[in-house]
1. What is the number of the single condition among (1) free of Cβ contacts under 8 Å to residues at least 12 places away in the same chain; (2) surrounded by fewer than 16 Cβ atoms within 10 Å (Cβ to Cβ); (3) in a loop (DSSP other than H, G, I, E, B) that ALA144 does not meet?
2. Regarding PRO363, is this residue in a strand (DSSP E or B) and not hydrophobic (A, V, I, L, M, F, W, C)?
3. Among all residue pairs at least 6 apart or on different chains, which show Cβ distances below 8 Å where the first residue, located in region 125-141, is in the same structural domain as GLY181 (by TED's automatic domain parsing) and β-branched (Val, Ile, Thr) and the second is crowded, with 21+ Cβ neighbours inside 10 Å and part of a strand (DSSP E or B)?
4. Taking GLY538 as meeting all but one of (1) on the phi < 0 side of the Ramachandran plot; (2) in contact (Cβ under 8 Å) with a residue 60 or more places away in the chain; (3) out of contact with any Pro (no Cβ under 7 Å at 6 or more places or on another chain), write down the number of the exception.
5. Looking only at residues in region 61-113 that are among the charged types (D, E, K, R) and within 24 Å of the chain's Cα centre (by Cα), which one is farthest from ARG494 (Cα to Cα)?
6. How many residues are of a type in the set (D, E, K, R) and either over 25 Å from VAL523 (Cβ atoms) or out of contact with any Leu (no Cβ under 8 Å at 6 or more places or on another chain) (or both) if we restrict to region 290-330?
7. Restricted to region 595-633, and to residues that are hydrophobic (A, V, I, L, M, F, W, C) and part of a loop (DSSP other than H, G, I, E, B), which residue is farthest from LEU579 (Cα to Cα)?
8. Take the residues in region 151-175 that are among the hydrophobic types (A, V, I, L, M, F, W, C) and part of a helix (DSSP H, G or I); name whichever of them is nearest to TRP107 (Cα to Cα).
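The values are calculated or read from the model by the stated rules, or taken from the named source; none is laboratory data. Everything numeric in this text was worked out from a predicted model, so none of it was measured. Positions of Cβ are backbone-derived with ideal geometry, glycine not excepted, and every protein chain shown enters the neighbour counts.
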Amino acid sequence: MIQRASVAVLTTIALAGAVHAGGAAETLSYADLVARLIDLEQPALLPPPGETCKQWSSWDRASQYDAASGKYVNWAANNDGPFFIREEDGRFVLAEMDGPGCIWRIWSARALDGRVKIYLDGGKEPAIDLPFKDYFSGNTPPLAYPALSYDLAEHGCRGQNLYIPIPYQKSCKIVAEKDWGRYYQFVYTTYPAGTKVPTFSTELAAENAPRLQQVNDRCAGRIGGKAEGLPPGPDVERTAARVDGETTVRIAELAGPRMITSIQARVPLGDRDDQMAALRQLCLQITFDGEAQPAVWCPLGDFFGTAPGRNDYTNWVTGMTEDGFYANWVMPFGKRALVELVNDGNRARDVELKIVSRPLDRPFAGMGHFHCKWHRDTDQLPEDRWPDWVMLKTEGRGRFLGVMLHVWNPRGGWWGEGDEKFFVDGEKFPSTFGTGSEDYFGYAWCDPGLFQRPFHAQTMTMGNKGHQSVLRWQIADNVPFQTSFEATIEKYFRTEEKGTLYASTVCWYLAPGGLDPYQPVPVEDRHDYYAKPPAVAGGFRLLGDPPGNPQTQNMANFAGKWSNGDQLWWTGAKPGDKLEVALPVNTEGKHRVRVILTRARDYAVVRLSLDGKPLGEPIDLYNPTVIRTEPIPLGTVELAGGEHVLSAEIVGKNDKALPSYMFGLDEVLFEKVE
């Protein structure tokens, strides 16, 4: 199937940082930490008490939890770019952490020339002092590893990422100078007291340059359509199965103690519709150690990290290539693993499945079972938690490994904005609070460009209209929990408003006996559930498939009173584009026609027509502020009773207007003339 290379060197490095026998405090070298960037075995160890992973970011501080009322206040606040902890001596404190710990990930949407300085362990001189943009250049020492330090602009996308460990023993303080940029995230692990880690320095990075280069090269060999160095194993189960419709087939039964290190598949597929059907109707199901329900239950395509259908890409953990699909999640078990394929379609499917495994080199006790579940709209939260959408809610001890999110956005326009929020061990306020949906997935500014990097990717997009598929796997930056974990992401557009639907494939480790609440989803709710919603916006029924993005806009935040508090808002159009809506008229005869529209600085000049006949002159909708117009007379027309068609055509814009060509329709008024 796919070429594999030896991983012996890095395996040796990874094992050097294993937990000491008897639970003694760890001593982690910098080589150990570098190895953890791509070590898929270490997260399977259940976390010791005191280990955490949190995030500092520029989230909007207006969002708060009111302990007195038990309510969340301004929970949807969205000014996430300019915030920091405090200002000191004209500089901005972005993050502060007590050690022992390690920064795993740094991200920004717009890193500029202002310097960002990282002070470690009380040092008077910064360990790193660079213009913020140089953290992500891929060629600036000591961070000059382009598979780990990069700007997605090279993919025609935006978003800047750094995945190089920056450890500290006692403390870390990150400050920024003027003009550092906008939006930031720092993800860091804090280790239990007594853990020994080195303090990052340029010299330490130079000493470990061969190991950093090795990890950089191995990551580079697993992106850009390549899938080099998939995990080898002494035992490989190969099964070619025909799975009849509405049947379940046992693929393999493995005796423990062992760990699965890779699952690879080949599935003959037809056209795009057949791909989408097959990869959602087929499900992978794995049950460990005789537990009552499978720990893995996931549509086959989603298990390999993308949806819907086949979308070729590669990263460190998962991928789809011409040679087949792969997922390199480590799945340890003590006694038994039962691997099954479920076909909920009505057509037989041929599947070639390859399961790579090896014996455990330690007792299973102290390790977690791998869980992977697919779900949609499973949890309903209180109204004060809007717009949070639950990706994972679980109880017990384990580690969160990340998520693949499939978005169906039928009306187009930006679907995200929403921050990720992670509540660990019963937290009332999340210890991870993000700055935007795309920011969690490592890109920025809602760019619809495809990209694939070692730990995150946008594998499918239709220009933010239709299907989108994004993923982020948290390996070194996994989130440990002792009793419970809840991961949410804000979903700003309610289903009934815009038709936007989310589906998540979430991965985590969980101690045996923990709560995994997710059950198999009926096939009708996972395949072909996506459809265009009723074409209604602002109370008007839309005709045809108009260009751009017509939608309902809530106008409660603007001065003036729009009818029903909203309007038909048309964005993304250009001169020459037309929008048509149906207008019922109950009585025949002559009618005076008037419209109530919206004016703003980014609105267009439009020509209105009724049943194909122009109504008056083009209307210039430019205004420096957002206002609701008074009724605008359009003339008198003869109308029969029944449905008529109002057409709005973009014909240009005012010289003072921004080049957005927007249009807003509030009311159409018909007054019969006796």
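1. Unmet condition: (2).
2. no
3. Taking only residues 6 or more apart or on different chains, the pairs are ILE128/VAL116; ILE128/ILE118; ILE128/ILE166; THR140/SER149.
4. Among (1) on the phi < 0 side of the Ramachandran plot; (2) in contact (Cβ under 8 Å) with a residue 60 or more places away in the chain; (3) out of contact with any Pro (no Cβ under 7 Å at 6 or more places or on another chain), GLY538 violates only (1).
5. Here the answer is ARG105.
6. Summing the residues that are of a type in the set (D, E, K, R) and either over 25 Å from VAL523 (Cβ atoms) or out of contact with any Leu (no Cβ under 8 Å at 6 or more places or on another chain) (or both) in region 290-330 gives 4.
7. Here the residue is VAL626.
8. In this case the residue turns out to be LEU152.
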